[in-house]
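This report concerns only the one structure given below.
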Amino acid sequence: MGWSNNAAGAQGHHGLTAFSLDRANGALTPHCQPLARRARPVFLAVDAAGQHVIVAYNLPSSASVHRIQPDGTLGEEVSQPPGLDFGIYANQVRAHPSGQMVVIPTRGNVAANGKPEDPGALKIYGYRGGVLSNRLSVAPNGGRGFSPRHVDFHPGSPFLFATIEAQNELHVYRVMNGPSLGPAPLFSRKTLANPARGDAGQATSAIHVHPNSRFVDLGNRGPAAGGENSIAVFAINRKTGEPKLIQSADTAGVHPRTFTIDPGGTMLVVANLQRAGDEPPLLSVFRIGADGKLSFAQKYPLDRGNTRGLFWTGMMALPR
């Protein structure tokens, strides 16, 4: 069973849809009628108990929680208390494995066209039975110069890793008892092979901790001319959480918006969003070595008539 948050579905409606998976051929078919959404959904997560889907919206910044029925269809929306703080421009949502915390990175917006900067923050919520509660807002310097985009949890140690989009940084936070986050990062590292390129339209994107918990990978997005479009590989000190950059692997495309690692940890697939000259958006496939480093294997261009780009990629294990 899978769920999709459609930013522009039939007749322009926003929708949330459940799909059934045919394990024999990998085909997806709608499992229920789409639920109309009130805003533009950008990310969803299933809670640790597998009982709810949590959806993040960026315009306006908000979230909703929906029950998952026993047959996998989507049930009613869970009522939330008033006064929840969703910051400015939510970009992702992640549910902590404890089942007691939800994190929403709210990116804010950089200053542009005479409009001042909107501050960013990591919004931390208590979570119980599908109900959110304000717990903490992590916003160094009031959120100025702080644009968190995506986060991931370390599976065996109390750390959260965050990409800081406009600043081209990786931040590491300690997960405290509660659970909650420490108010300041334990470590902050530049993500680019050459940090001096950071003002040339560069930005980070997605982030994933490797299944073996020894490495964390993240995307660097740059312009086609002179930018860095790469997957940065960091080795993790599992005792302290300290990351060390060990590789910057060119993605063979432009604007790696998202990527995925297979459950076995042997392959990584990048979704390069934009066209590169005459080449359309493309998937780039890498092998992952025992040392965490990537070796390029193959690229798969989309149809040249594609004008909407390549936004998401994901993999799952199917039984033989």
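Structure data summary
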read-out: Restricting the range 188-200 to residues that are exposed (fewer than 15 other Cβ atoms within 10 Å of the Cβ) and part of a loop (DSSP other than H, G, I, E, B), the residue that is modelled with the lowest pLDDT; value: Ala200
read-out: Number of the exception - Ser284 against (1) without any contact (Cβ under 8 Å) to a residue 40 or more places away in the chain; (2) out of contact with any Gly (no Cβ under 7 Å at 6 or more places or on another chain); (3) buried (at least 21 other Cβ atoms within 10 Å of the Cβ); (4) not β-branched (Val, Ile, Thr); value: (2)
read-out: Unmet criterion (only one of (1) aliphatic (A, V, I, L, M); (2) in a strand (DSSP E or B); (3) farther than 25 Å from Ile124 by Cα) for Ala225; value: (2)
read-out: Matching residues, the range 52-75, being surrounded by fewer than 20 Cβ atoms within 10 Å (Cβ to Cβ) and over 21 Å from Thr29 (Cα atoms); value: Leu59, Pro60, Ser62
read-out: Filter result for Leu170 (in contact (Cβ under 8 Å) with a residue 60 or more places away in the chain and either surrounded by fewer than 23 Cβ atoms within 10 Å (Cβ to Cβ) or among the hydrophobic types (A, V, I, L, M, F, W, C) (or both)); value: yes
read-out: Any hit, the range 207-225, residues being free of Cβ contacts under 8 Å to residues at least 40 places away in the same chain and farther than 21 Å from Arg107 by Cβ; value: yes
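So that you can scan it fast, the table gives a plain yes or no per residue for (1) surrounded by fewer than 19 Cβ atoms within 10 Å (Cβ to Cβ); (2) modelled with pLDDT of 95 or more; (3) of a type outside the set (A, V, I, L, M, F, W, C):
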position: Ala203; (1), (2), (3): no, yes, no
position: Ser213; (1), (2), (3): yes, yes, yes
position: Arg221; (1), (2), (3): no, yes, yes
position: Gly227; (1), (2), (3): yes, no, yes
position: Val233; (1), (2), (3): no, yes, no
position: Asn237; (1), (2), (3): yes, yes, yes
position: Pro243; (1), (2), (3): no, yes, yes
position: Ile246; (1), (2), (3): yes, yes, no
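The values are calculated or read from the model by the stated rules, or taken from the named source; none is laboratory data. Note that the structure is predicted; figures quoted are calculated from it, not measured. Cβ: placed from backbone, ideal geometry, glycine included. Neighbour counts: every protein chain shown.
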